[in-house]
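Structure first, then comments.
Taken together, the values in this text are just the output of simple stated rules run on the coordinates, not laboratory data. Keep in mind it's a predicted model, so treat the numbers as computed, not measured. For neighbour counting, all protein chains shown are included, and Cβ atoms are generated from backbone atoms with ideal geometry for every residue, glycine included.
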């Protein structure tokens, strides 16, 4: 942020790597009187524009979780069953929202969550976690992974255990790996994220703000469902 301030930019469109770690950057931009906003990942603990920022482009994570829950129910064909949640890092607002929404979607649907485990957001950790869950649970019907790379790790464990035909996997992301796994039938579905669209919406909002136009504090990006039926309509961007 010091380098950006030194350049003398008119505004900052910020993609935080860490929701809490980004807070000092906001303070520095504010001190320099440079307007700042976030895209994709909200700064702080809530999915909204953090104090000192003029807007946030992103997602309502509970809604993302609910959509993933709908995908899981579709994968189960209305029959109910046992579900597993492979989460991201413990304590992240993203993680809490996605899990909460997923559970809400399953209420009254005869689906039991038999395991829920955090990871460090890596494919390797998801593989390790899923291996342990598979050993402890002889009947698993669907897995919700908080990201496509976590789904890929879970799929590898499931495949190595010889149980790919009996377990459906859903996730979020729309990554190249996720799209490919949907095409080859290893992953039932995902929710599509567009980094290009996020960046475009962020820059568009910043330009409007600098022109003195009204900019909503929260600008929502949609996340369409992707399954084998419509996967050819989506091109992964990451």
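On average, how much area does the Cα convex hull of the range 61-191 cover when viewed from any direction, in nm²? Numbers along the way, then the final one.
Working: hull surface 26.5 nm².
So the Cα hull casts an average projection of 6.6 nm².
I'd like the projected area of the chain, averaged over all directions, using the convex hull of its alpha carbons. Report it in nm² with one decimal.
Numbers: hull surface 53.2 nm².
So the Cα hull casts an average projection of 13.3 nm².
In whole Å, what are the extents of the range 1-102 along the principal axes defined by its C-alpha atoms, from largest to smallest?
That works out to 59, 21, 19 Å along the principal axes.
Using only Cα atoms, tell me the angle between helix 195-210 and the longest principal axis of the chain; keep it within 0 to 90° and round to the nearest 10.
20 degrees
Note down the relative contact order for the range 71-187 as a percent, whole number, built from C-alpha pairs under 8 angstrom at least six residues apart.
Numbers: 202 pairs, mean separation 34.0, N = 117.
Here the relative contact order equals 29 percent.
Please give the FRET efficiency for residue 114 paired with residue 93, using the beta carbon to beta carbon distance and R0 = 25 Å, rounded to the nearest 0.05. Kindly include the intermediate steps, with their values, before the conclusion.
Working: r = 25 Å, r/R0 = 1.00.
Using R0 = 25 Å, I get an efficiency of 0.50.
In the chain, what percentage of the DSSP-assigned beta bridges are antiparallel, given to the nearest 5?
Values: 3 of 26 bridges.
Counting only bridges with both partners in the chain, antiparallel ones make up about 10 percent.
Go ahead and estimate [θ] at 222 nm for the chain from helices alone: -39,500 (n - 2.57) per DSSP H run with n ≥ 4, summed, over the residue count, rounded to 500. If you can, show how the numbers build up before the last one.
Values: 8 runs with 96 residues, N = 238.
The per-residue figure over the chain is -12500 deg cm²/dmol.
On full extension of the chain, what length is gained from residue 203 through residue 165, given 0.36 nm per residue of separation minus the C-alpha to C-alpha distance? Working shown, then result.
Numbers: separation 38, 0.36 × 38 = 13.68 nm, distance 4.41 nm.
Length gained between residue 203 and residue 165: 9.3 nm.
For the range 95-145, what does the alpha-carbon gyration tensor say about shape, rounded, prolate or oblate, given a ≥ b ≥ c as the root eigenvalues, a/c under 1.5 as rounded, and a/b over b/c as prolate?
On the way: a/c = 3.00, a/b = 1.27, b/c = 2.36.
Note, shape of the range 95-145 comes out oblate.
For Cα pairs less than 8 Å apart in space and 6+ apart in sequence, what is the mean separation divided by the residue count of the range 180-238, i.e. the relative contact order in percent? Working shown, then result.
Details: 38 pairs, mean separation 31.5, N = 59.
Value for the range 180-238: 53 percent.
For the chain, what does the relative contact order come out to in percent, with C-alpha contacts under 8 Å and a separation of six or more? Numbers along the way, then the final one.
Values: 485 pairs, mean separation 46.0, N = 238.
Normalised by residue count, the contact order of the chain is 19 percent.
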